[in-house]
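In what follows, a single structure is set out as structure tokens and then discussed.
Quick note: the coordinates plus some simple rules give every number you see, no bench work behind them. What you are looking at is a predicted structure, and each value in this text was computed from that prediction instead of being measured. No Cβ is skipped: glycine too gets one built from the backbone with ideal geometry, and neighbour counts run over all protein chains shown.
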Amino acid sequence: MFVKNKMTTNPFTVSPDQTIPDAHEIMTRHGIRRLPVVKDGKLVGIVTKEDVLRASPSQATTFSIGEITYLLSKTKVGRIMTKNPVTISSNALLEEAATLMRDNKIGFLPVVDNGKLVGIITESDIFDSFIELLGFRDYGTRLTIEALDEPGIMSHLTSIISKFGANINHVAVYHGQSGKSAVVIGLNTLNTGEIEKEIEKEGFKILYKLQNK
């Protein structure tokens with residue numbers, strides 16, 4: 001799946017020439033924690049709620065409320081934003097987005113095509129896609145099967161299931177140690193008793209079974 005399939009298009013943005021209160025008001029009004037900073041149609045940075053908090057005087061300051069408000073109203077977003085943020089293309093795979101977020105310890109990526117901001121993608125989008133990809137909420141049965149990590153195993157398992165006319169909706173393989181893997185197969189049926197018996201008869205071990213009705 002591609003980033004463009006899961007990203008939020010037309011995200012809320014802020015200009016580097018706007019003030020800290022402007023950015024805070026946009027975040028508060030729309031319930032968001034991060035804003036792309038855009039100037040002349042191009043992404044120039046990112047500002048977060050944490051940036052705003054760090055730029056705000058602490059409660060221990062000797063400034064009056066009026067003085068604090070005045071200082072913040074004069075401080076531009078461009079002074080506190082993170083410049084040259086990590087970005088991704090809309091045509092990139094979700095796996096690439098997840099890897100970038102993980103490697104850079106961030107939970108948000110601006111999506112940029114040809115120098116123009118076209119959307120944003122967050123860690124929540126990645127989580128939702130992961131759940132969807134594995135079919136965790138889909139109707140049917142998910143069998144987790146222990147299998148040897150060797151050629152032909154997937155073909156063997158699918159041939160067993162095909163005998164019973166069940167449709168395989170999702171497949172995932174988790175490579176383990178000792179030459180064994182956990183194969184998760186999502187089936188579009190709740191009636192898997194005979195399938196399970198045949199799978200175990202063929203030498204496989206069913207580790208876990210989950211059904212969604």
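How many angstrom separate the Cα center of the range 22-40 from the Cα center of the range 87-109? Going from one Cα centre to the other spans 21 Å. Remark: the range 120-130, residue by residue, has Karplus-estimated 3J(HN,Hα) of 9, 9, 10, 5, 5, 4, 5, 4, 4, 5, 4 Hz, where x stands for each Gly or Pro and the curve is 6.51 cos²θ - 1.76 cosθ + 1.60 at θ = phi - 60°. Compared with the dominant Cα axis of the chain, that is its longest principal axis, helix 153-162 is turned about 70°.
Rounded to whole numbers, the Karplus 3J(HN,Hα) couplings from phi for the range 83-97 are 8, 6, x, 5, 10, 8, 7, 5, 8, 6, 7, 4, 4, 5, 5 Hz, using 6.51 cos²θ - 1.76 cosθ + 1.60 with θ = phi - 60°, and x at Gly and Pro.
Of all DSSP-defined beta bridges confined to the range 99-213, some 100% are antiparallel rather than parallel. Using C-alpha pairs below 8 Å separated by at least 6 residues, the relative contact order for the chain is 19 percent. Residues whose amide H comes within less than 5 Å of that of H170, counting only those at least five positions distant or on another chain, are G186 (H built at 1.01 Å from N in the peptide plane).
Helix content alone sets the calculated 222 nm mean residue ellipticity of the chain: runs of n ≥ 4 DSSP H residues at -39500 (n - 2.57) each, divided across all residues, give -10000 deg cm²/dmol. A Cβ-based charge dipole, computed about the Cα centre of the range 135-212 with Lys and Arg at +1 and Asp and Glu at -1, lands at about 180 debye. Here the chain is treated with +1 on each Lys and Arg Cβ and -1 on each Asp and Glu Cβ, and its dipole about the Cα centre works out to around 560 debye.
Against the compact-protein benchmark of 2.2 N^0.38 Å, the Cα-based radius of gyration of the chain scales to 1.47. Three semi-axes describe the equivalent ellipsoid of the range 135-212; taken as square roots of 5 times the Cα gyration tensor eigenvalues and ordered largest first, they are 19, 14, 11 Å.
Annotation: amide H of L117 within the under-5 Å range of L43, sequence separation 5 or more or interchain, hydrogens built in the peptide plane.
In the chain, taking the dipole from charged Cβ atoms about the Cα centre, the farthest positive-side position among L53, N191, Q211 is held by L53. Highest mean first, the peptides 138-149, 189-200 sorted by other C-beta atoms within 10 Å per residue fall in the order 138-149, 189-200. Per residue, the average separation of C-alpha pairs within less than 8 Å and at least 6 apart gives the range 66-172 a relative contact order of 17 percent. Scanning residues 5 or more positions from D149 or on other chains, those with amide H under 5 Å from its amide H are K180, S181, with H placed 1.01 Å from N in the peptide plane.
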